[in-house]
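What follows is one structure encoded as structure tokens, with my remarks underneath.
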Amino acid sequence: MAKSNGDLVSNMVAAAIAGGFGALIKPTVTKVEEHDMGWKRIALDFKELNGMGVKVGLMGSESIDGTSIVDIGVYNEYGTNRIPARPFMGTTADRYRDAIYKYTETLVGQMIDGKYTVRQVLSYMGLWYQAKIQMVIREAKTWAVPNGPSTVAIKGSSSPLIDTGRMVGAIRYEIVGNTNEVDN
């Protein structure tokens, strides 16, 4: 009998065929050791991540003087007949478009390396973008249409988008997708 190289998964055994000349080759299974190297965990992480995401912005039912905080945000983002548009969401998206892709790439790399879970990646993304929106609102004096004199007189401040600070404080993130939603 002849054996093939010991490094192969199975050994091939040759035997003489009775009544003829030739070989009968039969594979015999040898012990195979599996070394996952983390691929199963990575595949499960990506399966969990598929269909999940993070919503960031004004959410909830909080109101100021009877007007929902979400409505106040919309009025400021797009403007009304009395309020000029001060697009804090659009400005944030424009300013940080490339950075969010780079940051997401970094976080997913950390997830692949086993340093972060899917939930941690999504939470870090949400917190990061939440902070960027809040920063853009706080810096509105440098980029937004200034408050009119009558608004300054009522508010006692010339800072656009900030009166009581409740809108900037109401910026939140929420993990959404194919598992239980988590509010933060």
How many residues does segment 140-154 contain that are part of a helix (DSSP H, G or I), under 37 Å from the mean Cα position of the chain (by Cα) and either over 22 Å from Ser68 (Cα atoms) or not small (Gly, Ala, Ser) (or both)? 2
Lys132: in contact with a Lys or Arg (Cβ under 8 Å, 6 or more places away or on another chain), more than 30 Å from Ala43 (Cβ to Cβ), basic (Lys, Arg) and in contact (Cβ under 8 Å) with a residue 12 or more places away in the chain, yes or no? yes
Go through segment 155-173 residue by residue and tally those that are more than 21 Å from Gly57 (Cα to Cα) and either of a type in the set (A, V, I, L, M) or part of a helix (DSSP H, G or I) (or both). 1
Sort through Lys155, Lys115 and tell me the only one that's closer than 30 Å to Ile72 by Cβ, among the charged types (D, E, K, R) and in the same structural domain as Gly60 (by TED's automatic domain parsing). Lys155
Can you confirm whether segment 77-88 contains a residue that is exposed (fewer than 14 other Cβ atoms within 10 Å of the Cβ), charged (D, E, K, R), modelled with pLDDT of 80 or more and under 30 Å from Gly177 (Cβ atoms)? no
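Does Gly73 satisfy the criteria of being surrounded by 18 or more Cβ atoms within 10 Å (Cβ to Cβ) and at pLDDT 90 or above?
Against the criterion (surrounded by 18 or more Cβ atoms within 10 Å (Cβ to Cβ) and at pLDDT 90 or above), Gly73 qualifies.
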Hey, does segment 68-86 have a residue that's hydroxyl-bearing (Ser, Thr, Tyr), closer than 27 Å to Lys47 by Cα and part of a helix (DSSP H, G or I)? no
Residue ID - surrounded by the fewest Cβ atoms within 10 Å (Cβ to Cβ), chosen from residues in segment 103-136 that are part of a helix (DSSP H, G or I) and of a type in the set (Phe, Trp, Tyr): Tyr103
So in segment 38-58, with the set limited to residues that are surrounded by fewer than 16 Cβ atoms within 10 Å (Cβ to Cβ) and of a type in the set (A, V, I, L, M, F, W, C), which one is farthest from Val145 (Cα to Cα)? Trp39
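The values are calculated or read from the model by the stated rules, or taken from the named source; none is laboratory data. Computed from a prediction, not measured in an experiment: that's the story for all the values here. Because the Cβ atoms are built from the backbone with ideal geometry, glycine has one as well, and the counts that use them run over all protein chains shown.
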